[in-house]
Amino acid sequence: MKASIKGMDIDYGLLNFTQHLVPISDFSRGKTAQLFDDVKNNNTEYVVLKNNQPTAMVISLDMYKTLVEKAAKMEQLLDRIEENRLLAKAIDVANRTDAASYESFDEVCKELGFDAGKIESECESVEIE
């Protein structure tokens, strides 16, 4: 939201943001309890400045938990997207390849000098999450 005072445009979003910038020195001046109470009670977020540079963020525990949960859901979504992309690529390759040119697992093992039985028994002991 913007307003104009004597020809100056004021962006209240930016003004509100600047009110939540806290110099790190405020933590040694006895303002810590007040800031933490504001964070806890009003879910206010503060950007901590060190040498006038944003260095850290103070957020409520509830906000932190929400962000962690959203990040986990985003990671799961990205994993599913990647799985679908790889599956689509595999299907595309399979559709472009003549089935007669496929080699069996046993043939590949023989060609590479692996023991197919040993590989299969080792696979049974592997757990995939």
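Overall, the anisotropy analysis places the range 74-129 in the oblate class: the square-rooted eigenvalues a ≥ b ≥ c of its C-alpha gyration tensor yield a/c not less than 1.5, with a/b not exceeding b/c.
Applying the Karplus relation 6.51 cos²θ - 1.76 cosθ + 1.60 with θ = phi - 60° to the range 76-81 yields 3J(HN,Hα) values of 4, 4, 5, 4, 5, 4 Hz, where x marks Gly and Pro. Structure remark: mean-square fluctuation, Gaussian network model of the chain, C-alpha springs under 10 Å; the largest value among VAL93, VAL108, VAL68 belongs to VAL108. Pairs exceeding a 31 Å alpha-carbon distance, out of LYS50/LYS70; LYS40/LYS70; LYS31/LYS65; LYS50/LYS73; LYS40/LYS73: LYS50/LYS73. Give me the base-10 log of I(q)/I(0) for the chain at each q in 0.12, 0.18, 0.19 Å⁻¹, Debye formula, one uniform scatterer per Cα, rounded to two decimals. Normalising to I(0) and taking log10 leaves -0.76, -1.17, -1.19. Across THR66, THR97, THR44, mean-square fluctuation computed from a Gaussian network of the chain (C-alpha pairs under 10 Å connected) peaks at THR97. Projecting each Cα onto the charge dipole of the range 70-129 (Lys/Arg +1, Asp/Glu -1 at the beta carbon, about the Cα centre), which of PHE105, LEU78, ASN95 comes out farthest on the positive side? Farthest along the dipole direction, towards plus: LEU78.
Sort CYS109, CYS123 so the one with the fewest other Cβ atoms within 10 Å of its own Cβ comes first.
Details: CYS109 17, CYS123 9.
Ordered from fewest to most neighbouring Cβ atoms within 10 Å, CYS109, CYS123 come out as CYS123, CYS109.
All other residues with a Cβ under 11 Å from the Cβ of ASP79 taken together, and with Lys, Arg as +1 and Asp, Glu as -1, what is their net charge?
Numbers: positive: LYS73, ARG80, ARG85; negative: GLU75, GLU82, GLU83.
Result for the local shell: 0.
Note on the chain: with a GNM built from Cα contacts shorter than 10 Å, the maximum mean-square fluctuation among LYS70, LYS31, LYS110 falls on LYS110.
The numbers here are math on the coordinates, done by the rules we state, and not lab data. Everything numeric in this text was worked out from a predicted model, so none of it was measured. With ideal geometry, Cβ positions are generated from the backbone for all residues, glycine too; neighbour counts draw on all protein chains shown.
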